[in-house]
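A.B. asks: Below is one structure. I have some questions about it.
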Amino acid sequence: MIINSSNFKRSLKDIKNNRFLHSLTLVTIMLSILIVGTFVLFASNAGELLDRWKSGIKLLVYIEDNVSRSELNRTRLEIADFDEVEKVEFVSAEKGLKELKEDMFRQKSIFENLGNNPLPDSFEVFMKKERKDLKTIEALVKKIEQFQSVSEVEYGKEWIGRFVKVISLSRLAAICMGAVFFMVTVFIVANTIRLALYSRKQEIEIMQLVGADNRFIKSPFYIQGLLHGAVGGTGGLLILFLLFSLFSMNMNQDLSSFMIKIKFMSWQAALIIIFCSTIVGWLGCYISIKQFLKYT
Amino acid sequence: MNPSEVPAIVRMFNIYKRFEKMPALSDISLEIYSGEMVFITGPSGAGKTTFLKLLYMAETATAGQLLIGGLNLARMKSSKLYQLRRKFGIIFQDFKLIPSMTVFENVSLVLEAMGEKKKLIDKKVSKVLRTVGIEEKKDLYPPSLSGGEQQRAAVARAVIGEPDIILADEPTGSLDPESAVIIMDLLREFNQKGTTLIIATHSRELIKSNRGRVIQLNKGKLVEEVL
């Protein structure tokens, strides 16, 4: 393929002459990128959320009533000795209630008519960063539950499980959708170029007769394919960014109380998507040109 | 032309061409020398156009051997076909100008395909359009030109690449007598500069008014060769 001003002009001229066909291809690529990009956004935000959650994960170990100080200390030291554990902090029932009141200051009326402190003493068990997978957490919980002084261990098991599943599913969906749209887009670009080739069959035959080599004939079509991919990919991402900006403004306000902020994909990820889209354009072109020149 | 002095640019050995079971050319053996003017003549269906098409490989011979400027066409890969085609400047009976390109673009296409620089292309194309007398029509599209003007544009495209051989299929067939004379004068001029000229025609006047070798075909066979 030769990218020079002459071939570029020939490509643009053909795009101008077949505006409808080329616009249709561009819109298709944009839509594909929009859908794939949405899944990428969802997967990347969910992944980041999980990472953030993982870095702050702690187990709440509730202590039975009437446990002696020495027993409490012994349990604490033994839990702190486990490999997975970074540190263990004691939270007295009073401190626990105070923190709860602080966390829920908007719903303080709940605490107004509260008689005795309903909270037990507890330990906050912080895990080592590298040992925060679900299996290790579950194993640790089982070990801690063995202590007689421990009444309950809380760590939001169902929530974590569901969340991990949703993230895995969304990642899988992003990959599958990416693969499907990759094929669909290659097919559509290939068809557009094929139609453009057939509409210019006579012209191509004349070019061959006057001594044009295949490289000269193919170049404008490859440029068209690359343009389809690059412009379609960039356009799709721009639309996604606009939609994201619109929705994220409201969503971020709603999510701010959970300390969660959704973000658009990184510029590196955007560049990778545009690059892949450009490759798709080139590939569609390659397939149709190869077939076409075989029969002319 | 003395064959011993000038090298043969076209050499045909026992060439046969069949379309399904219909013979189009049978047992043609001949040589055409560099700088010659050759008329391929005969009635309709004699095989004149097929003869030309074999030369630029729009068709391939069913049997026999054909050499053009040292290239054996039987061994020619389709990907290298452009190397052969660049030896020719072809004037088609139906002109074969690209309707979506201006006269200038149609002519410059040959040089662009050869990878020439834009500045040189502009200079050469303007010169050749001036030579064939349609410089003022350079920005027009072929459908808006008369038959004679389209033929001149076709001549300009055929000669712009300075080919070794000009092939012309009925170059004056669809032209009025005045335009026919102008076109033939142009072709003769290029022939006098050393370009081999092979013209397929059934026009006796055209042959009489020009000095060249005449190869007569009938039903695909070479019936007469007049020097």
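A.B. asks: Scan around B:Phe39 for amide H atoms under 5 Å from its own, H built in the peptide plane at 1.01 Å from N, and keep only partners 5 or more places away or cross-chain.
C.D. replies: B:Ile199, B:Arg213, B:Val214, B:Ile215
A.B. asks: Counting pairs of Cα atoms in the protein assembly as shown, how many percent are more than 43 Å apart?
C.D. replies: Within the protein assembly as shown, distances greater than 43 Å cover 48 percent of Cα pairs.
A.B. asks: Moving on to the next point. Restricting to DSSP H runs of at least four residues, report the calculated mean residue ellipticity at 222 nm for chain A, -39500 (n - 2.57) per run over all residues, nearest 500 deg cm²/dmol.
C.D. replies: Helix contribution divided over all residues of chain A: -25000 deg cm²/dmol.
A.B. asks: Still on this structure, I have one more. Restricting the count to DSSP beta bridges whose residues both fall in region B:119-227, what percent are antiparallel, rounded to a multiple of 5?
C.D. replies: 50
A.B. asks: Considering only DSSP beta bridges with both partners in the protein assembly as shown, what is the antiparallel share in %, to the nearest 5?
C.D. replies: About 65 percent, rounded to the nearest 5.
A.B. asks: Is there a quick way to get the dipole size of region A:112-208? I mean about its Cα centre, with the Cβ of Lys and Arg at +1 and of Asp and Glu at -1; what is the value in debye to the nearest 20?
C.D. replies: Dipole magnitude for region A:112-208 comes out near 620 debye.
A.B. asks: Taking just the alpha carbons, could you work out the radius of gyration and Dmax for region A:1-139, both in angstroms?
C.D. replies: 29.6, 89
A.B. asks: If you place +1 on the Cβ of every Lys and Arg, -1 on the Cβ of every Asp and Glu, and leave all else neutral, what size is the dipole of the protein assembly as shown about its Cα centre, to the nearest 20 Debye?
C.D. replies: Roughly 1740 debye, rounded to the nearest 20.
A.B. asks: Which whole-number percentage describes the relative contact order of chain A, with Cα contacts under 8 Å and a sequence gap of 6 or more?
C.D. replies: Reported as a whole number, the value is 33 percent.
A.B. asks: Further question: What's the ranking of A:28-35, A:93-100, B:150-157 by average number of surrounding C-beta atoms within 10 Å, highest first?
C.D. replies: Listed from highest to lowest mean packing, they are B:150-157, A:28-35, A:93-100.
A.B. asks: Given 5 Å bins starting at zero, what is the percent of C-alpha pairs of region B:172-227 in each, up to the one with the largest pair distance?
C.D. replies: 4, 16, 27, 24, 16, 10, 2
A.B. asks: Moving on to the next point. Which of A:Phe182, A:Ala270, B:Ile182 sits farthest toward the positive end of the charge dipole of the protein assembly as shown, with +1 on the Cβ of Lys and Arg and -1 on the Cβ of Asp and Glu?
C.D. replies: Going by the Cα projections, it comes out as B:Ile182.
A.B. asks: Something else now. Helix-derived [θ] at 222 nm for chain B: sum -39500 (n - 2.57) over DSSP H runs of at least 4, divide by residue count, nearest 500?
C.D. replies: -9500 deg cm²/dmol
A.B. asks: Same structure, new question: Run the numbers for A:Tyr198 and A:Ile3: contour at 0.36 nm per residue of separation, minus the present Cα-Cα distance, in nm.
C.D. replies: Full-extension gain reported as 68.0 nm.
A.B. asks: Let me ask something else about it. Taking 0.36 nm per intervening residue step and subtracting the Cα-Cα distance, what contour gain separates A:Phe20 from A:Glu64 on full extension?
C.D. replies: 8.4 nm
A.B. asks: Moving on. Two decimals is fine: what is log10 I(q)/I(0) at q = 0.12, 0.13, 0.20 Å⁻¹ for region A:133-230, from a Debye sum with one equal scatterer on every Cα and no solvent?
C.D. replies: Summing over Cα pairs of region A:133-230 leads to -0.64, -0.69, -1.01.
A.B. asks: Hey, what did region B:91-140 get for relative contact order, percent, Cα under 8 Å, at least 6 apart?
C.D. replies: Taking the mean separation of contacting Cα pairs over the length of region B:91-140, I get 43 percent.
A.B. asks: In degrees between 0 and 90, to the nearest 10, how far off the longest principal axis of chain B does helix B:177-192 point, with axes built from Cα atoms?
C.D. replies: 70
A.B. asks: Calculated FRET efficiency, B:Glu135 and A:Cys176, Cβ-Cβ r, R0 60 Å, to nearest 0.05?
C.D. replies: With R0 = 60 Å, the Cβ-Cβ based efficiency is 0.45.
A.B. asks: For chain B, take the longest principal axis of its alpha carbons; what is the angle in degrees between that and the long axis of helix B:103-113, to the nearest 10 within 0 to 90?
C.D. replies: Long axis of B:103-113 versus the principal axis of chain B: about 60 degrees.
A.B. asks: What's the FRET efficiency of B:Arg211 with B:Glu31 using the Cβ-Cβ distance as r and R₀ = 22 Å, to the nearest 0.05?
C.D. replies: It comes out at approximately 0.70.
A.B. asks: Moving on to the next point. Report the Stokes-Einstein translational diffusion coefficient (µm² s⁻¹, integer) for region B:59-216, Rh taken as the Kirkwood radius over Cα pairs, at 25 °C with viscosity 0.890 mPa s.
C.D. replies: 149
A.B. asks: Compute the separation of the alpha-carbon centres of region A:139-156 and region A:182-208 and state it in Å as a whole number.
C.D. replies: So the two Cα centres are separated by 67 Å.
A.B. asks: In whole angstrom, note down how far apart the Cα centers of region B:125-181 and region B:40-90 are.
C.D. replies: 23
A.B. asks: Stretched out fully, how many nm does the piece from A:Thr136 to A:Ala80 gain, at 0.36 nm a residue minus the Cα gap?
C.D. replies: 18.6 nm
A.B. asks: Still on this structure, please answer the following. Ignore the peptide's own chain and count Cβ atoms of other chains within 10 Å of each Cβ in A:193-205; give me the average, rounded.
C.D. replies: 1
A.B. asks: Starting from the Kirkwood radius over alpha-carbon pairs of chain A, derive D by Stokes-Einstein at 4 °C in a medium of 1.567 mPa s and give it in µm² s⁻¹.
C.D. replies: Approximately 54 µm²/s, per Stokes-Einstein.
A.B. asks: Is there a quick way to get the dipole size of chain A? I mean about its Cα centre, with the Cβ of Lys and Arg at +1 and of Asp and Glu at -1; what is the value in debye to the nearest 20?
C.D. replies: 2100
A.B. asks: A:Glu89 versus B:His202, label points 7 Å from Cα toward the beta carbon: distance in nm?
C.D. replies: In this crude spin-label approximation the distance works out to 10.4 nm.
A.B. asks: Search the structure for amide H atoms under 5 Å from the amide H of A:Glu152, placed 1.01 Å from N in the peptide plane, and list their residues when 5 or more places away or on another chain.
C.D. replies: A:Tyr62
A.B. asks: Run the simple label-point estimate for B:Glu225 and A:Glu102 please: 7 Å along Cα→C-beta, distance reported in nm.
C.D. replies: For B:Glu225 paired with A:Glu102, the spin-label model returns 11.0 nm.
A.B. asks: Hey, can you list the DSSP H helices of chain A whose Cα span along the axis is 24 Å or longer and whose average Kyte-Doolittle score is at least -1.0?
C.D. replies: The answer, listed by residue number, is A:19-55, A:157-199, A:214-255, A:267-294.
A.B. asks: Mean separation of Cα pairs under 8 Å and 6+ residues apart, divided by the residue count of region B:60-155: what relative contact order is that in percent?
C.D. replies: Computed over region B:60-155, the figure is 31 percent.
A.B. asks: Moving to a separate point now. Taking +1 at the Cβ of each Lys and Arg and -1 at the Cβ of each Asp and Glu, which of A:Ile57, A:Ser151, B:Leu73 sits farthest along the dipole of the protein assembly as shown towards its positive end, judged by Cα position relative to the Cα centre?
C.D. replies: Highest projection toward the positive end goes to B:Leu73.
A.B. asks: If the viscosity is 1.002 mPa s and the temperature 20 °C, what translational diffusion coefficient in µm²/s does Stokes-Einstein give for region A:7-82 when Rh comes from Kirkwood over Cα pairs?
C.D. replies: Estimated via Stokes-Einstein, D reaches 114 µm²/s.
A.B. asks: Can you list residues from other chains, or at least 5 along the same chain, whose modelled amide H is less than 5 Å from the amide H of B:Glu162?
C.D. replies: Residues meeting the criterion, in which the H sits 1.01 Å from N, do not exist here.
A.B. asks: Over all directions, how big on average is the projection of the convex hull of the alpha-carbon atoms in region B:35-96, in square nanometres?
C.D. replies: 5.3
A.B. asks: Also: Give me the mean projected area, in nm² to one decimal, of the convex hull enclosing the Cα positions of region B:1-80.
C.D. replies: Its average projected convex-hull area is 5.9 nm².
No value in this document is a laboratory result; all are computed from the given coordinates. Keep in mind that this is a model prediction, so the values were computed, not measured. Cβ sites come from the backbone with ideal geometry, for glycine too, and all protein chains shown count toward neighbours.
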